[in-house]
1. Using a 1.4 angstrom probe, figure out how much accessible area the chain has per residue, in square angstrom, rounded to the nearest whole.
2. Given labels modelled 7 Å from the Cα in the Cβ direction, how far is it in nm from THR56 to VAL281?
3. For ALA308 and SER33, what is the calculated FRET efficiency with R₀ set at 22 Å and r taken between the beta-carbons, to the nearest 0.05?
4. Can you give me the Rg/Rh ratio for segment 33-76, using Cα atoms for both radii and the Kirkwood formula for Rh?
5. Starting with the highest mean, order 69-75, 91-97 by the number of other Cβ atoms within 10 Å, averaged over the residues of each peptide.
6. Treating only the Cβ atoms of Lys and Arg (+1) and Asp and Glu (-1) as charged, compute the dipole magnitude of the chain about its Cα centre; round to the nearest 20 debye.
7. Under 12 Å from the Cα of LYS211, which aspartates and glutamates turn up, not counting those fewer than eight places away in the same chain?
8. Given GLN201, SER279, LEU132, which one lies farthest toward the positive end of the charge dipole of the chain, if we put +1 on the Cβ of every Lys and Arg and -1 on the Cβ of every Asp and Glu?
Amino acid sequence: MSTPSTNHGQRLNRRPRRLRTSPVMRRMVAETSLEPRHLVLPMFVAEGLAEPKPITSLPGVVQHTEDSLVDAVAEAISVGIPCVDLFGVPLEENKDAEGSEAWNPGGILNKALRRLRDEFGDDVLVMADTCLDEFTDHGHCGVLREDGHGGVRVDNDDTLEFYRKMAVAQAEAGAHIISPSGMMDGQIEAIREALDDAGHQDVAIMAYSAKYASAFYGPFREAVGSSLQGDRRTYQQDVANRRESLLEVELDVAEGADIVMVKPAMAFLDVLREVADSSPVPVAAYQVSGEYAMICAAGERGWIDRDAAMLEAVISIRRAGADQVLTYDAVNIARRLRADG
(Lines give C-alpha, C1' and ligand atoms only; values in the text may rest on other atoms or scores of the structure.)
Protein backbone atom coordinates (compact mmCIF):
# COMPACT_ATOMS: atom_id res chain seq x y z
CA MET A 1 0.00 0.00 0.00
CA SER A 2 1.47 3.34 -1.03
CA THR A 3 1.90 6.12 1.47
CA PRO A 4 1.06 9.77 0.77
CA SER A 5 4.01 11.79 -0.38
CA THR A 6 5.29 14.37 2.08
CA ASN A 7 7.25 16.13 -0.65
CA HIS A 8 5.32 19.26 -1.55
CA GLY A 9 7.50 19.77 -4.63
CA GLN A 10 7.93 22.98 -6.51
CA ARG A 11 5.73 26.02 -6.01
CA LEU A 12 4.30 26.33 -9.51
CA ASN A 13 1.67 28.94 -10.25
CA ARG A 14 0.71 27.16 -13.45
CA ARG A 15 0.03 23.44 -13.40
CA PRO A 16 -1.87 22.52 -16.58
CA ARG A 17 -2.40 19.02 -15.19
CA ARG A 18 -4.94 20.45 -12.75
CA LEU A 19 -7.39 20.55 -15.64
CA ARG A 20 -6.79 16.90 -16.54
CA THR A 21 -7.43 15.30 -13.16
CA SER A 22 -10.73 13.55 -13.96
CA PRO A 23 -13.06 12.79 -16.87
CA VAL A 24 -15.51 15.41 -15.60
CA MET A 25 -12.78 18.05 -15.46
CA ARG A 26 -11.49 17.17 -18.91
CA ARG A 27 -15.01 17.27 -20.33
CA MET A 28 -15.73 20.66 -18.78
CA VAL A 29 -12.67 22.37 -20.26
CA ALA A 30 -12.65 20.60 -23.64
CA GLU A 31 -12.00 23.16 -26.37
CA THR A 32 -13.62 21.13 -29.15
CA SER A 33 -16.99 19.44 -28.97
CA LEU A 34 -18.24 16.54 -31.04
CA GLU A 35 -21.94 15.81 -31.10
CA PRO A 36 -24.14 13.69 -33.39
CA ARG A 37 -25.43 16.91 -34.99
CA HIS A 38 -21.95 17.50 -36.44
CA LEU A 39 -22.01 14.22 -38.41
CA VAL A 40 -23.14 13.42 -41.95
CA LEU A 41 -23.49 9.80 -43.06
CA PRO A 42 -22.50 8.95 -46.65
CA MET A 43 -24.60 6.05 -48.02
CA PHE A 44 -24.74 3.98 -51.20
CA VAL A 45 -27.86 2.64 -52.88
CA ALA A 46 -27.41 0.20 -55.75
CA GLU A 47 -29.67 -0.90 -58.56
CA GLY A 48 -30.57 -4.55 -58.98
CA LEU A 49 -29.72 -5.85 -55.49
CA ALA A 50 -31.94 -8.29 -53.65
CA GLU A 51 -30.14 -7.64 -50.36
CA PRO A 52 -27.44 -5.28 -49.04
CA LYS A 53 -24.01 -5.99 -50.51
CA PRO A 54 -20.95 -5.56 -48.26
CA ILE A 55 -18.17 -3.36 -49.62
CA THR A 56 -15.04 -5.40 -48.91
CA SER A 57 -12.65 -2.44 -48.73
CA LEU A 58 -15.00 -0.47 -46.43
CA PRO A 59 -15.63 -2.69 -43.40
CA GLY A 60 -19.14 -2.22 -42.04
CA VAL A 61 -20.38 -0.31 -45.10
CA VAL A 62 -22.75 -1.75 -47.72
CA GLN A 63 -24.43 -0.97 -50.97
CA HIS A 64 -28.08 -0.73 -49.93
CA THR A 65 -31.30 -1.81 -51.52
CA GLU A 66 -34.04 0.81 -51.32
CA ASP A 67 -35.63 -1.05 -48.40
CA SER A 68 -32.41 -1.50 -46.44
CA LEU A 69 -31.56 2.15 -47.10
CA VAL A 70 -34.78 3.21 -45.38
CA ASP A 71 -33.97 1.04 -42.37
CA ALA A 72 -30.42 2.39 -42.15
CA VAL A 73 -31.58 6.01 -42.36
CA ALA A 74 -34.12 5.33 -39.59
CA GLU A 75 -31.24 4.04 -37.46
CA ALA A 76 -29.19 7.16 -38.22
CA ILE A 77 -32.09 9.37 -37.18
CA SER A 78 -32.49 7.41 -33.94
CA VAL A 79 -28.94 8.30 -32.82
CA GLY A 80 -29.26 11.98 -33.73
CA ILE A 81 -27.58 12.20 -37.12
CA PRO A 82 -29.16 15.14 -38.99
CA CYS A 83 -28.07 14.44 -42.56
CA VAL A 84 -27.35 11.57 -44.97
CA ASP A 85 -25.43 11.94 -48.24
CA LEU A 86 -26.67 9.59 -50.94
CA PHE A 87 -24.68 8.09 -53.81
CA GLY A 88 -26.40 6.06 -56.52
CA VAL A 89 -24.92 2.96 -58.16
CA PRO A 90 -26.66 2.07 -61.44
CA LEU A 91 -26.35 -1.19 -63.31
CA GLU A 92 -23.42 -1.23 -65.72
CA GLU A 93 -25.75 -1.50 -68.71
CA ASN A 94 -27.49 1.72 -67.63
CA LYS A 95 -24.31 3.78 -67.84
CA ASP A 96 -23.55 5.83 -70.94
CA ALA A 97 -21.12 8.48 -72.13
CA GLU A 98 -23.20 11.36 -70.76
CA GLY A 99 -24.45 9.75 -67.53
CA SER A 100 -28.09 10.21 -68.49
CA GLU A 101 -29.37 8.05 -65.61
CA ALA A 102 -28.32 10.92 -63.35
CA TRP A 103 -31.36 12.98 -64.36
CA ASN A 104 -33.72 10.11 -65.12
CA PRO A 105 -36.61 10.38 -62.59
CA GLY A 106 -36.66 6.57 -62.54
CA GLY A 107 -32.90 6.26 -62.05
CA ILE A 108 -31.65 4.60 -58.88
CA LEU A 109 -30.47 7.77 -57.12
CA ASN A 110 -33.57 9.82 -57.83
CA LYS A 111 -35.87 6.95 -56.87
CA ALA A 112 -34.03 6.57 -53.57
CA LEU A 113 -34.16 10.31 -52.87
CA ARG A 114 -37.91 10.30 -53.44
CA ARG A 115 -38.34 7.25 -51.21
CA LEU A 116 -36.45 8.87 -48.34
CA ARG A 117 -38.43 12.11 -48.54
CA ASP A 118 -41.68 10.15 -48.65
CA GLU A 119 -40.62 8.10 -45.62
CA PHE A 120 -39.02 10.79 -43.46
CA GLY A 121 -40.11 14.20 -44.72
CA ASP A 122 -37.99 16.78 -42.92
CA ASP A 123 -36.95 14.50 -40.05
CA VAL A 124 -33.54 14.10 -41.70
CA LEU A 125 -31.75 16.19 -44.32
CA VAL A 126 -31.31 14.25 -47.54
CA MET A 127 -28.25 15.29 -49.52
CA ALA A 128 -27.58 14.07 -53.06
CA ASP A 129 -24.20 13.62 -54.67
CA THR A 130 -24.38 15.72 -57.83
CA CYS A 131 -21.72 14.24 -60.07
CA LEU A 132 -21.72 12.16 -63.23
CA ASP A 133 -18.91 9.75 -62.36
CA GLU A 134 -21.17 6.98 -61.03
CA PHE A 135 -23.34 7.20 -64.17
CA THR A 136 -20.82 7.49 -67.03
CA ASP A 137 -19.37 4.45 -68.77
CA HIS A 138 -15.92 6.09 -68.67
CA GLY A 139 -16.12 6.99 -64.96
CA HIS A 140 -15.25 10.66 -65.29
CA CYS A 141 -17.12 13.47 -63.55
CA GLY A 142 -17.96 15.16 -66.84
CA VAL A 143 -18.52 14.52 -70.53
CA LEU A 144 -15.59 13.72 -72.79
CA ARG A 145 -14.86 15.67 -75.96
CA GLU A 146 -12.03 15.47 -78.50
CA ASP A 147 -9.21 17.79 -77.55
CA GLY A 148 -8.07 18.56 -81.09
CA HIS A 149 -4.80 16.67 -80.63
CA GLY A 150 -5.98 13.12 -81.11
CA GLY A 151 -7.12 12.65 -77.52
CA VAL A 152 -10.10 13.43 -75.31
CA ARG A 153 -10.63 15.68 -72.31
CA VAL A 154 -13.39 16.40 -69.83
CA ASP A 155 -15.21 19.38 -71.30
CA ASN A 156 -15.90 21.82 -68.48
CA ASP A 157 -18.65 23.96 -70.02
CA ASP A 158 -20.54 21.14 -71.72
CA THR A 159 -20.55 19.29 -68.40
CA LEU A 160 -22.25 22.22 -66.66
CA GLU A 161 -25.35 21.68 -68.78
CA PHE A 162 -25.65 18.13 -67.49
CA TYR A 163 -25.06 19.23 -63.90
CA ARG A 164 -27.98 21.64 -64.27
CA LYS A 165 -30.28 18.81 -65.33
CA MET A 166 -29.00 16.49 -62.61
CA ALA A 167 -29.43 19.05 -59.84
CA VAL A 168 -32.99 19.91 -60.86
CA ALA A 169 -33.91 16.22 -61.07
CA GLN A 170 -32.51 15.66 -57.56
CA ALA A 171 -34.38 18.65 -56.16
CA GLU A 172 -37.60 17.45 -57.76
CA ALA A 173 -37.00 14.02 -56.22
CA GLY A 174 -36.83 15.65 -52.80
CA ALA A 175 -33.19 16.42 -52.00
CA HIS A 176 -32.78 19.11 -49.35
CA ILE A 177 -29.13 19.65 -50.31
CA ILE A 178 -27.37 19.36 -53.67
CA SER A 179 -23.73 18.39 -53.36
CA PRO A 180 -21.71 18.96 -56.57
CA SER A 181 -18.39 17.12 -56.34
CA GLY A 182 -17.09 17.25 -59.90
CA MET A 183 -14.76 20.27 -59.57
CA MET A 184 -15.90 21.90 -62.82
CA ASP A 185 -15.26 25.64 -63.00
CA GLY A 186 -18.52 27.56 -62.60
CA GLN A 187 -20.52 24.55 -61.40
CA ILE A 188 -22.05 26.30 -58.38
CA GLU A 189 -23.31 29.26 -60.37
CA ALA A 190 -24.76 26.97 -63.04
CA ILE A 191 -26.54 24.78 -60.50
CA ARG A 192 -27.83 27.70 -58.44
CA GLU A 193 -29.31 29.32 -61.52
CA ALA A 194 -30.92 26.06 -62.63
CA LEU A 195 -32.43 25.39 -59.21
CA ASP A 196 -33.79 28.92 -58.91
CA ASP A 197 -35.22 28.89 -62.43
CA ALA A 198 -37.01 25.61 -61.61
CA GLY A 199 -38.52 27.04 -58.40
CA HIS A 200 -36.15 25.32 -55.96
CA GLN A 201 -34.77 28.44 -54.28
CA ASP A 202 -34.80 26.74 -50.87
CA VAL A 203 -32.65 23.79 -51.90
CA ALA A 204 -29.15 24.31 -50.48
CA ILE A 205 -25.80 23.62 -52.12
CA MET A 206 -22.88 21.99 -50.32
CA ALA A 207 -19.94 22.61 -52.65
CA TYR A 208 -16.96 20.29 -52.84
CA SER A 209 -14.81 23.39 -53.08
CA ALA A 210 -11.38 22.01 -52.20
CA LYS A 211 -11.39 18.47 -53.56
CA TYR A 212 -7.98 16.99 -54.17
CA ALA A 213 -6.83 14.33 -56.65
CA SER A 214 -6.05 12.06 -53.72
CA ALA A 215 -4.76 8.51 -53.36
CA PHE A 216 -7.21 8.01 -50.48
CA TYR A 217 -10.29 7.42 -52.66
CA GLY A 218 -9.55 3.79 -53.51
CA PRO A 219 -12.30 2.01 -51.54
CA PHE A 220 -14.88 4.50 -52.78
CA ARG A 221 -14.24 3.29 -56.33
CA GLU A 222 -15.40 -0.16 -55.27
CA ALA A 223 -18.37 1.30 -53.42
CA VAL A 224 -19.77 3.01 -56.52
CA GLY A 225 -18.63 0.41 -59.06
CA SER A 226 -16.44 3.00 -60.75
CA SER A 227 -15.74 2.63 -64.48
CA LEU A 228 -12.93 5.20 -64.34
CA GLN A 229 -10.46 5.19 -67.21
CA GLY A 230 -7.39 7.31 -66.51
CA ASP A 231 -7.35 9.80 -63.65
CA ARG A 232 -8.97 13.08 -62.61
CA ARG A 233 -5.92 15.27 -62.22
CA THR A 234 -7.01 17.78 -64.85
CA TYR A 235 -9.99 18.86 -62.72
CA GLN A 236 -9.37 17.84 -59.11
CA GLN A 237 -6.76 19.84 -57.19
CA ASP A 238 -3.06 19.04 -57.00
CA VAL A 239 -2.18 17.74 -53.52
CA ALA A 240 0.82 20.11 -53.43
CA ASN A 241 -1.36 23.22 -53.50
CA ARG A 242 -2.79 25.21 -50.60
CA ARG A 243 -3.63 28.72 -51.85
CA GLU A 244 -5.64 27.22 -54.68
CA SER A 245 -8.15 25.90 -52.14
CA LEU A 246 -8.77 29.39 -50.78
CA LEU A 247 -9.42 30.62 -54.32
CA GLU A 248 -11.83 27.72 -55.01
CA VAL A 249 -13.74 28.47 -51.80
CA GLU A 250 -13.91 32.18 -52.60
CA LEU A 251 -15.29 31.45 -56.07
CA ASP A 252 -17.87 28.94 -54.81
CA VAL A 253 -19.15 31.30 -52.13
CA ALA A 254 -19.45 34.10 -54.70
CA GLU A 255 -21.38 31.74 -56.98
CA GLY A 256 -23.89 30.86 -54.27
CA ALA A 257 -22.57 27.92 -52.22
CA ASP A 258 -24.32 27.61 -48.86
CA ILE A 259 -21.69 25.25 -47.40
CA VAL A 260 -18.16 24.53 -48.64
CA MET A 261 -16.15 21.36 -48.21
CA VAL A 262 -12.56 20.18 -47.96
CA LYS A 263 -11.91 16.62 -49.19
CA PRO A 264 -10.09 14.54 -48.02
CA ALA A 265 -10.09 15.73 -44.43
CA MET A 266 -7.35 14.03 -42.44
CA ALA A 267 -4.53 14.52 -44.96
CA PHE A 268 -5.51 18.17 -45.50
CA LEU A 269 -6.12 19.52 -42.00
CA ASP A 270 -3.91 22.50 -42.73
CA VAL A 271 -6.11 23.44 -45.67
CA LEU A 272 -9.24 22.86 -43.59
CA ARG A 273 -7.96 25.22 -40.90
CA GLU A 274 -7.31 28.01 -43.40
CA VAL A 275 -10.64 27.52 -45.12
CA ALA A 276 -12.46 27.57 -41.79
CA ASP A 277 -10.68 30.76 -40.76
CA SER A 278 -11.69 32.58 -43.93
CA SER A 279 -15.04 31.13 -44.98
CA PRO A 280 -18.21 33.20 -44.37
CA VAL A 281 -20.34 30.04 -44.70
CA PRO A 282 -20.26 26.69 -42.82
CA VAL A 283 -17.38 24.36 -43.65
CA ALA A 284 -17.65 20.59 -44.04
CA ALA A 285 -14.87 18.03 -44.37
CA TYR A 286 -15.00 14.45 -45.65
CA GLN A 287 -13.17 11.62 -43.89
CA VAL A 288 -12.86 9.71 -47.14
CA SER A 289 -12.93 5.99 -47.78
CA GLY A 290 -9.18 5.38 -47.60
CA GLU A 291 -8.83 7.31 -44.35
CA TYR A 292 -11.69 5.33 -42.80
CA ALA A 293 -10.45 2.01 -44.19
CA MET A 294 -6.91 2.46 -42.85
CA ILE A 295 -8.17 2.90 -39.31
CA CYS A 296 -10.46 -0.12 -39.68
CA ALA A 297 -7.65 -2.27 -41.07
CA ALA A 298 -5.22 -1.36 -38.31
CA GLY A 299 -7.95 -2.02 -35.74
CA GLU A 300 -8.70 -5.45 -37.22
CA ARG A 301 -5.03 -6.34 -36.82
CA GLY A 302 -4.97 -5.23 -33.21
CA TRP A 303 -2.44 -2.51 -33.89
CA ILE A 304 -4.70 0.27 -32.61
CA ASP A 305 -7.97 0.67 -30.76
CA ARG A 306 -10.23 1.09 -33.77
CA ASP A 307 -13.08 3.01 -32.10
CA ALA A 308 -10.79 5.29 -30.09
CA ALA A 309 -8.67 6.09 -33.15
CA MET A 310 -11.74 6.80 -35.28
CA LEU A 311 -13.15 9.14 -32.66
CA GLU A 312 -9.79 10.90 -32.31
CA ALA A 313 -9.56 11.34 -36.08
CA VAL A 314 -13.02 12.87 -36.32
CA ILE A 315 -12.34 15.18 -33.36
CA SER A 316 -9.16 16.32 -35.12
CA ILE A 317 -11.27 17.28 -38.15
CA ARG A 318 -13.61 19.25 -35.91
CA ARG A 319 -10.63 20.85 -34.14
CA ALA A 320 -9.24 21.97 -37.49
CA GLY A 321 -12.47 23.86 -38.09
CA ALA A 322 -15.09 21.61 -39.70
CA ASP A 323 -18.68 22.40 -38.79
CA GLN A 324 -19.82 19.13 -40.35
CA VAL A 325 -17.86 15.90 -40.77
CA LEU A 326 -18.82 13.32 -43.37
CA THR A 327 -17.76 9.90 -42.10
CA TYR A 328 -18.79 6.32 -42.78
CA ASP A 329 -18.55 5.71 -39.03
CA ALA A 330 -21.18 8.34 -38.19
CA VAL A 331 -23.72 5.95 -36.65
CA ASN A 332 -21.15 4.16 -34.49
CA ILE A 333 -19.64 7.45 -33.31
CA ALA A 334 -23.05 8.97 -32.58
CA ARG A 335 -24.05 5.92 -30.59
CA ARG A 336 -20.88 6.15 -28.50
CA LEU A 337 -21.34 9.87 -27.91
CA ARG A 338 -24.89 9.35 -26.70
CA ALA A 339 -23.82 6.50 -24.43
CA ASP A 340 -21.10 8.67 -22.91
CA GLY A 341 -23.66 11.38 -22.13
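The values are calculated or read from the model by the stated rules, or taken from the named source; none is laboratory data. Worth saying up front: this structure is predicted, and the values here are computed from it rather than measured. Backbone-built Cβ (ideal geometry, glycine too); neighbour counts: all protein chains shown. The protein model used for the area step is the full one, side chains on, heavy atoms only, and it has no ligands, DNA or RNA in it. Shrake-Rupley method; radii C 1.70, N 1.55, O 1.52, S 1.80 Å.
1. Result: 48 Å² per residue.
2. Placing both labels 7 Å along Cα→Cβ, they lie 4.0 nm apart.
3. 0.80
4. Answer for segment 33-76: 1.04.
5. 69-75, 91-97
6. Roughly 2700 debye, rounded to the nearest 20.
7. ASP238, GLU244, GLU248
8. SER279
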